[in-house]
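The values are calculated or read from the model by the stated rules, or taken from the named source; none is laboratory data. In this text the structure is predicted, and so the values were computed from the model without any measurement. Backbone-built Cβ (ideal geometry, glycine too); neighbour counts: all protein chains shown.
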Amino acid sequence: MSQNEAARLRAEILDKVREYHAAAFGDLAPFEAGRSRVPYAGRVFDEREVVSLVDSSLDFWLTYGRFSKQFEEEFAAFIGVDHCYLVNSGSSANLLAFAALTSERLGERRIMRGDEVITAAAGFPTTVAPIVQFGAIPVFVDVVLETGNVDSTLLEAALSPRTKAVMLAHTLGNTFDVDAVKAFCEHHGLWLIEDNCDALGSKWRGRYTGSFGHIGTSSFYPPHHMTMGEGGAVYTSDDELAAILLAMRDWGRDCSCPSGVDNKCGKRFERQFGTLPFGYDHKYVYSEFGYNLKVSDMQAAVGVEQLKKLPGFIEARRRNFDTLTELLAPAADALVLPQPTDGSEPSWFGYLMTVREGAGVTRDELVRALEGAKVQTRMLFAGNMLRQPCFDGMRDRDEGFRVAGGLANTDVIMNDAFWIGVYPGMTVEMLEYMAATILRSLGR
């Protein structure tokens, strides 16, 4: 078959994909209050993602390829960093970010087993899991109830001679106090990993979150700010960390040639590494103990189109958050409503509420009322991480972690808080229905 014929067939196939999208996804059922499900999150896409996905599949390259490279370059430019690497999930991004800081290349600054890493007790487990899995010691601090973010005034009390890093997430799109956290890290010479998985598009004093830490991470799982199905990214402006991240993502190999490319440096068989024979194939030289965490190029093809929509997604999330805040104002005496951190412009992931004492209804009762009305709810992830079953053995032996001060607000969030969605697929009717259901359950 000639190249012209192949190009003609590809164009014909992609035209048919556009027709398919219109037929399969074009006519969505209208929202019916009380009958339609109100999800907390979901995919928002059109024919362009589907066409891009099929376009990539016709290449049959499958692994890292042209769409992956395009996405990494465009995402780095969006965030405002120098390097971005796609991985297969946000959790893998956190794993890779932490692992990079254990590299021998970092000398005395590398994290060693037994070193301490300050983090928050309220959050998602894979912000903490890499610390525990490596054999470092997580040091847990409490959060601020109104923001769900780390209480930065407690950081100094969490410090010890063994502290090497701070690893924190921006909670549900609301930024932690970047000025305070960054100043603390700089003053004490600590690494900062910025878990940006729930806050893509949030800003701190006009600059995108994820760009303040030594390493930032994102997730592209369907509920998040944009999606490629599974997928995530790790990013940095530090050239040395970038080299470590790339090596560890790609099996630990020293060579930086992408899949399908050989001898980019022109010295593939002309160098000495370790005690290997001189000239040993650089593509099989391993400078780190790594993983294979890449995504497929088909996933990246979806991400390329989603990234174009991201500014609109961010605007919709902020608009939906503001609408809920206005609608729920009559419930402020019964619910602690979310407050943006001073200096922030959140790209909200969810709408966090904490039921006040004396509200006349418990969190669990309110959640059951919402779920019974077909409104999807979520807890603030693990609640108090230390009360999760995965910590049972560590807690019983009182080893492997440390708590700096109490976790009073973390326990309040675990017992009394929940959140609902603000994702771009929500309509005004959905937002009004959710708010009305909450107000009715509170007797308002």
Mind listing whichever residues of the range 164-184 are surrounded by fewer than 20 Cβ atoms within 10 Å (Cβ to Cβ) and either under 22 Å from THR126 (Cα atoms) or modelled with pLDDT under 95 (or both)? LYS182
Name the single residue, out of those in the range 235-250 being crowded, with 24+ Cβ neighbours inside 10 Å and within 11 Å of ALA76 (Cβ to Cβ), that is farthest from the chain's Cα centre (by Cα). THR236
Yes or no: THR126 free of Cβ contacts under 8 Å to residues at least 40 places away in the same chain and not aliphatic (A, V, I, L, M)? yes
Give me the pairs, please: first residue somewhere in the range 310-332 and within 15 Å of MET353 (Cβ to Cβ), second residue anywhere and in a helix (DSSP H, G or I) and not aliphatic (A, V, I, L, M), beta-carbon distance under 9 Å, and either six or more positions apart or on two chains. THR323/GLU432; LEU327/GLU432
Quick check on this structure: which one of MET248, MET226 is assigned to a helix (DSSP H, G or I) and closer than 22 Å to GLN299 by Cα? MET248
Please state which of the following conditions TYR235 fails to meet, knowing it meets all the rest: (1) under 20 Å from THR127 (Cα atoms); (2) outside any strand (DSSP E or B); (3) of a type outside the set (A, V, I, L, M). (2)
Tally, over the range 390-444, of residues that are outside any helix (DSSP H, G or I), acidic (Asp, Glu) and more than 30 Å from VAL132 (Cβ to Cβ): 0
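Look at ALA76 and say whether it is surrounded by 12 or more Cβ atoms within 10 Å (Cβ to Cβ) and touching a Cys at 6+ places or on another chain (Cβ under 8 Å). Give the derivation first.
On the way: surrounded by 12 or more Cβ atoms within 10 Å (Cβ to Cβ): yes; touching a Cys at 6+ places or on another chain (Cβ under 8 Å): yes.
Considered against the rule, which asks whether it is surrounded by 12 or more Cβ atoms within 10 Å (Cβ to Cβ) and touching a Cys at 6+ places or on another chain (Cβ under 8 Å), ALA76 comes out as yes.
Without any contact (Cβ under 8 Å) to a residue 40 or more places away in the chain and of a type in the set (A, V, I, L, M): does that describe ALA136? Outline the logic, then answer.
On the way: without any contact (Cβ under 8 Å) to a residue 40 or more places away in the chain: yes; of a type in the set (A, V, I, L, M): yes.
Yes; evaluated as a whole, the condition is true for this residue.
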Please count how many residues of the range 266-324 are among the polar types (S, T, N, Q) and assigned to a loop (DSSP other than H, G, I, E, B). 4
At least 3 residues that are over 23 Å from HIS224 (Cα atoms) and either touching a strand residue (DSSP E or B) at 6+ places or on another chain (Cβ under 8 Å) or among the hydrophobic types (A, V, I, L, M, F, W, C) (or both) in each: list the helices (runs of 4 or more DSSP H) lying fully within the range 38-148 that qualify. 125-134
